[in-house]
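The structure appears right after this line, and notes come after that.
The values are calculated or read from the model by the stated rules, or taken from the named source; none is laboratory data. Quantities reported herein were computed from a predicted structural model and do not represent experimental measurements. Virtual Cβ from ideal backbone geometry, glycine too; neighbours counted across all protein chains shown.
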Amino acid sequence: MSPNTCWLCKIFRAEENGINSKVSLEEVLQWSQSFENLVTSKYGPMIYKTYLKTEHSDENIEFWLACEAYKKITSQRRRTSMARKLFRSYIQPQAPNEINIDSPARKAIIRNIQEPTQSCFDEAQRIIYRHMERDSYPRFLESQFYQKLKRSLQTNGN
């Protein structure tokens, strides 16, 4: 068995994390219809993130998911704390997981970081969404990673 097959088996082995027994063929097939279907499905974001880790580019989906969580925060104190964490991790120059956004979006976040609103990261999140939709999502659909998952579910009749 090749190294590529081994890591795929490890990720999807039912006794390790139950993905194969939980994700349905219907869900996996819907991911190929649109990027929105992938990122809003139950298991899509986790599986997509696992794929992106193989490309060493999972910071985009991590940022996008963190923004989704950020928008749900109602406490201003928690929002401020989370905004600063997002800024330090993804936005500031030389951040450990720096994302590729344009200067106007970065400057808008810097201006708003002291009193962050629920929509503080919306523009950056939109930019990252478009990057993923145009770049890594098509590669994901063509990847052995996605194709093997789909075939394994078709074979198992899930």
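Annotations for the structure displayed:
- Annotation note: Cβ proximity below 9 Å between a residue of the range 88-100 that is not assigned by TED's automatic domain parsing to the domain that holds Ile127 and a residue that is in a loop (DSSP other than H, G, I, E, B) (sequence gap 6+ or interchain) occurs for no pair.
- Just one of the listed residues (Glu123, Glu142, Glu115) is surrounded by 15 or more Cβ atoms within 10 Å (Cβ to Cβ) and of a type in the set (D, E, K, R), and it is Glu123.
- In the range 69-98, residue surrounded by the fewest Cβ atoms within 10 Å (Cβ to Cβ) [restricted to those that are within 18 Å of the chain's Cα centre (by Cα) and polar (S, T, N, Q)]: Asn97
- Hits in the range 128-157 - residues which are closer than 24 Å to Asn97 by Cβ and not in a helix (DSSP H, G or I): Asp135, Ser143
- Count of the range 24-38 residues which are closer than 23 Å to Arg126 by Cβ and in contact (Cβ under 8 Å) with a residue 60 or more places away in the chain: 4
- Restricting Arg134, Arg106, Arg151, Arg111 to residues that are closer than 30 Å to Val28 by Cα, over 19 Å from the mean Cα position of the chain (by Cα) and free of Cβ contacts under 8 Å to residues at least 60 places away in the same chain narrows the list to Arg151.
- Restricting attention to the range 34-53, the residues being over 10 Å from the mean Cα position of the chain (by Cα), buried (at least 16 other Cβ atoms within 10 Å of the Cβ) and not in a loop (DSSP other than H, G, I, E, B) number 1.
- When Ala124, Ala108 are screened for being part of a helix (DSSP H, G or I), of a type in the set (Gly, Ala, Ser) and out of contact with any Phe, Trp or Tyr (no Cβ under 9 Å at 6 or more places or on another chain), only Ala108 passes.
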